[in-house]
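Participant: Below you will find the structure I want to go over with you.
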Amino acid sequence: MEDKGNIKVSVLMLTYNQEQYINEAIRSVMLQKTDFPFEVVIGNDGSTDETEAICRVWYDNYPEQVVL
C-alpha cells in the first residue's frame with residue numbers, strides 16, 4: 001500500500017462491545033479489490049470485551065491500512 005498521503009478512501013468503523021462481529025466486519029472491508037489506496041479507521045468506544053484486542057491484531061498486521 002502507498003504511504004498515507006495517497007489514501008483516496010477512508011472507511012470508518014465505530015464499535016462498542018462487538019467482539020462477535022468486528023473481525024468479520026474488518027475482514028470484509030480488507031478483502032475488497034480496489035484500484036485505489038484505502039484505510040480502515042476504527043473507533044472503539046471503550047469496549048469491555050475483546051473488541052479492542054481483535055482490532056489491535058488487525059492494526060499489528062496492517063499498520064499501513066488500519067488506524068485505531
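The values are calculated or read from the model by the stated rules, or taken from the named source; none is laboratory data. From a predicted model like this one, the values you see are computed outputs, not experimental measurements. Every residue, glycine among them, receives a Cβ derived from its backbone with ideal geometry; neighbour counts consider all protein chains shown.
Participant: Is at least one residue of the stretch 23-39 in a loop (DSSP other than H, G, I, E, B), at pLDDT 95 or above and at positive phi?
Facilitator: First, pick out the residues of the stretch 23-39 that are in a loop (DSSP other than H, G, I, E, B): 31-37.
Those still in the list that are at pLDDT 95 or above too: 31-37.
Subsequent filtering for residues that are at positive phi retains none.
Scanning the stretch 23-39, I find no residue that is in a loop (DSSP other than H, G, I, E, B), at pLDDT 95 or above and at positive phi, so the answer is no.
Participant: Mind counting the residues in the stretch 7-22 that are in a strand (DSSP E or B) and polar (S, T, N, Q)? Explain how you work it out, then say what you get.
Facilitator: Here is the first cut: in the stretch 7-22, the residues in a strand (DSSP E or B) are 9-15.
Now restrict to residues that are polar (S, T, N, Q): 10, 15.
Going through the stretch 7-22 one residue at a time, the tally reaches 2.
Residues checked against (1) under 11 Å from V66 (Cα atoms); (2) surrounded by 10 or more Cβ atoms within 10 Å (Cβ to Cβ):
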residue: G5; (1), (2): no, no
residue: S10; (1), (2): yes, yes
residue: Y21; (1), (2): no, yes
residue: I26; (1), (2): yes, yes
residue: L31; (1), (2): no, no
residue: F36; (1), (2): no, no
residue: V41; (1), (2): yes, yes
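Participant: Quick check on my filter: what residues within the stretch 43-54 are within 14 Å of the chain's Cα centre (by Cα) and surrounded by 13 or more Cβ atoms within 10 Å (Cβ to Cβ)?
Facilitator: Hits for the stretch 43-54 are N44, T51, E52, I54.
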